[in-house]
Amino acid sequence: MIARTWHGVTTAATAAGYLAFLRARAVPDYRATPGNLSVEILHRTEGALTHYLIVTHWESVDAIAAFAGHDIARAKYYPEDRDFLLEFEPTVQHYTVEPLNR
């Protein structure tokens, strides 16, 4: 399994609107991609800024490519992101997930 992480920043004032957008548009897009195992949205507000970390889990590199395109390290953005994000980080991070026995 592979974990893919993406980071973005909005103003605290637009954070609720961005979260609503993510739930309505981005999360269904992730989940509709064959090989997507999960989507989690983490967020925290620090003063005037809200940070988002989206963590997705995938069956394979091929599944990630079906979602993100050939260059899987490149971040995928939606047109609506321009209404919220303060910057556009060009890349994401991928991690191999090692299952642990409980």
**Q.** Residues of region 44-95 classified as assigned to a loop (DSSP other than H, G, I, E, B), closer than 10 Å to residue 8 by Cα and hydrophobic (A, V, I, L, M, F, W, C), total
**A.** 4
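Going through region 14-27 one residue at a time, which ones are hydrophobic (A, V, I, L, M, F, W, C) and free of Cβ contacts under 8 Å to residues at least 24 places away in the same chain?
Residues of region 14-27 that are hydrophobic (A, V, I, L, M, F, W, C), as a first pass: 15-16, 19-22, 24, 26-27.
Answer for region 14-27, where residues must be hydrophobic (A, V, I, L, M, F, W, C) and free of Cβ contacts under 8 Å to residues at least 24 places away in the same chain: 16, 20, 24, 27.
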**Q.** Residue count, region 1-21 (criterion: touching a strand residue (DSSP E or B) at 6+ places or on another chain (Cβ under 6 Å), outside any strand (DSSP E or B) and under 19 Å from residue 88 (Cα atoms))
**A.** 3
Q: For residues that are part of a strand (DSSP E or B) and either of a type in the set (Val, Ile, Thr) or within 19 Å of residue 91 (Cβ to Cβ) (or both), tally how many sit in region 22-43.
A: 3
Q. So which residues in region 39-82 are among the polar types (S, T, N, Q), over 11 Å from the mean Cα position of the chain (by Cα) and closer than 22 Å to residue 2 by Cβ?
A. 60
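Here, each number is a calculation from the coordinates, and none is a lab measurement. Every value quoted in this text rests on a predicted model; they were computed, and no experiment measured them. Ideal geometry is used to build each Cβ from the backbone, glycine not excepted, and the neighbour counts take in all protein chains shown.
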